[in-house]
Structures are given as structure tokens and as C-alpha cells.
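Accompanying notes for the structure given below.
The values are calculated or read from the model by the stated rules, or taken from the named source; none is laboratory data. These numbers were taken from a predicted model, which means no experiment stands behind them. Heads up, the Cβs are rebuilt from the backbone with ideal geometry, glycines too, and the neighbour counts pull from every protein chain shown.
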Amino acid sequence: MAHPADTSIPILRRADASLQSLPNTFENACECLKNAYKRQLEERISDSILAPYGIDLKEFMDKGASRFTPDVFNLICEQVRNQSLGCELFSHGFDTSGSPHIFTVASPESWMSTQPTPYLLG
């Protein structure tokens with residue numbers, strides 16, 4: 001498995017590049033970070049699981065059920081479900097009303113934005 005820095009740096013660069021064309025808001029930064037994390041995971045799945053079959057994740061989602069036997073398809077689906085980047089990303093900032101937030105991305109489905117209490121900030 002790759003070192004977390006080997007995984008997180010491309011995610012952060014991708015998120016930063018996406019944010020360049022958007023207004024610099026906390027909401028946009030969070031959305032860019034989530035999307036970059038998702039794209040990095042999709043690339044890892046394509047490279048490490050699907051490349052031996054000569055397909056990427058999009059093609060697998062579109063044609064995998066018809067291309068493989070049910071047993072092989074289910075095995076690959078299980079491998080895809082279990083794939084992880086092995087890193088969790090944290091970001092912080094202020095929304096448009098000036099309220100502080102901490103944003104965490106652990107997977108495309110697992111993210112959280114919280115407003116820290118004064119006790120956390122002190």
C-alpha cells in the first residue's frame with residue numbers, strides 16, 4: 001500500500017486545481033476535496049484491480065456484469081468495495097458568515113463538516 005503522503009498529495013493538488021476556477025469559499029473547497037478524493041480512489045481501483053482485465057472503472061460499471069461471469073463479477077465488486085486510499089484528509093476554514101468549520105474526508109461516502117466549539121479553538 002502506498003504511503004499516505006503519496007496518496008494525499010495528488011488529492012490536494014487536484015482539489016487545488018479544481019478550486020482555481022471557482023469562488024474561494026469553504027463550501028467550494030470542501031466539494032473540490034471530496035471530488036478529488038473520489039477521483040483518486042477511482043484511479044486506484046482502475047489501476048490496481050481492473051487494469052489486468054484491460055478496463056477502467058467506468059467500463060466496469062457500464063459493461064462488467066455482461067463481460068464477466070457472475071462469480072467473477074461479484075469477486076471484482078467485492079474487491080472494489082474493499083478498496084481504500086488509506087488516508088483521511090482534514091481541512092478547516094470559515095463559511096460565508098464567518099463561522100469556523102473543520103472538514104474531514106475519509107472516503108467518498110464518509111465525510112463530515114463540523115463547527116468547532118470555543119473549547120476546541122482555545
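Scanning the stretch 78-122 for residues that are in a loop (DSSP other than H, G, I, E, B), modelled with pLDDT under 80 and farther than 27 Å from Asp47 by Cα yields Asp95, Thr96, Gln115, Pro116, Thr117, Gly122. Figure legend. Inter-residue proximity from the stretch 14-26: first residues over 17 Å from Leu41 (Cα atoms), second residues among the aromatic types (Phe, Trp, Tyr), beta-carbon distance below 7 Å, spacing 6+ or different chains. Indicated pairs: Phe26/Phe94. Taken over the stretch 27-45, the criterion of being hydrophobic (A, V, I, L, M, F, W, C) and free of Cβ contacts under 8 Å to residues at least 24 places away in the same chain is satisfied by Cys32 alone.
Of all residues in the stretch 38-61, which are touching a helix residue (DSSP H, G or I) at 6+ places or on another chain (Cβ under 6 Å), over 25 Å from Thr104 (Cβ atoms) and of a type in the set (Asp, Glu)? Asp56, the sole residue that qualifies.
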